[in-house]
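Below is one structure, written out as structure tokens; comments come after it.
Coordinate-derived values only; no laboratory data. Note that the structure is predicted; figures quoted are calculated from it, not measured. Positions of Cβ are backbone-derived with ideal geometry, glycine not excepted, and every protein chain shown enters the neighbour counts.
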Amino acid sequence: MPLTADAEIKALLEETRVIALVGASDRPDRPSYRVMQQLQAHGYRVIPVNPQITGEHVHGEFIFRDLSQIGEPIDMVDIFRRSEAAGDAVDEAIAAGAKAVWMQQGVINQPAAERAEAAGLKVVMDRCPAVDIPRLGVARVAD
């Protein structure tokens, strides 16, 4: 069952250090661009992932093609993809050993959520961490 209680979501956000953002954009008019910036401002290390703009940089971070290229532990995978495409990102998150997947507002994929949970990942669906962090008073700061 995806996390829905404020206390569970706050705990996840407080224990998270590294976020891989799947569907990252280098375009300032895109929500993923702004959310990445906000997450970095709250002290998270955010690693952008997008197969269409790999090799570039956004907000000072190299954009990877897929999660398997990252080569360091990932706490959470934040998914900015259509609901029907979120399953692939969830499967990559499981393979990469992520601890949690977060499907952005409007992204709902119950079979993918069930696969993630069966693999031991925490799941948040149809929410935005950049909205929940200030709403819940998450006091995440850089290490």
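So, in segment 1-45, of the ones that are among the β-branched types (Val, Ile, Thr) and over 13 Å from residue 133 (Cβ atoms), which residue ends up farthest from the chain's Cα centre (by Cα)?
Among those that are among the β-branched types (Val, Ile, Thr) and over 13 Å from residue 133 (Cβ atoms), it is 4.
I want to confirm something. Restricting to segment 70-90 and keeping residues that are in contact (Cβ under 8 Å) with a residue 12 or more places away in the chain and surrounded by fewer than 16 Cβ atoms within 10 Å (Cβ to Cβ), which single residue is farthest from the chain's Cα centre (by Cα)? The residue in question is 84.
The residue that is surrounded by the most Cβ atoms within 10 Å (Cβ to Cβ), counting only those in segment 29-47 that are under 15 Å from residue 80 (Cα atoms) and without any contact (Cβ under 8 Å) to a residue 12 or more places away in the chain, is 30.
Right, residue 93: among the hydrophobic types (A, V, I, L, M, F, W, C), without any contact (Cβ under 8 Å) to a residue 40 or more places away in the chain and surrounded by 15 or more Cβ atoms within 10 Å (Cβ to Cβ) or not? Judged against the criteria, residue 93 is not a match.
Select from segment 117-140 the residues that are over 21 Å from residue 32 (Cα atoms) and out of contact with any strand residue (DSSP E or B) (no Cβ under 6 Å at 6 or more places or on another chain) and write down the one among them that is surrounded by the most Cβ atoms within 10 Å (Cβ to Cβ). That would be 119.
Note on segment 1-37: residues that are hydroxyl-bearing (Ser, Thr, Tyr) and assigned to a loop (DSSP other than H, G, I, E, B) total 3. What pairs come out if I take residues in segment 117-135 that are within 18 Å of residue 17 (Cα to Cα) and touching a residue at least 24 places away in the same chain (Cβ under 8 Å) and pair them with residues that are among the acidic types (Asp, Glu) and outside any strand (DSSP E or B) whose C-beta lies under 7 Å away, six or more apart or interchain? So the pair list comes out as 123/117.
Could you check, for segment 48-58, whether at least one of its residues is under 11 Å from the mean Cα position of the chain (by Cα) and either within 16 Å of residue 130 (Cβ to Cβ) or surrounded by 14 or more Cβ atoms within 10 Å (Cβ to Cβ) (or both)? Yes. Out of everything in segment 67-106 that is of a type in the set (Asp, Glu) and touching a helix residue (DSSP H, G or I) at 6+ places or on another chain (Cβ under 8 Å), what residue ends up being nearest to residue 21 (Cα to Cα)? Selected residue: 78.
Taking residue 114 as the residue in question, decide whether it is touching a residue at least 24 places away in the same chain (Cβ under 8 Å), surrounded by fewer than 23 Cβ atoms within 10 Å (Cβ to Cβ), charged (D, E, K, R) and under 26 Å from residue 1 (Cα atoms). So residue 114 fails the test.
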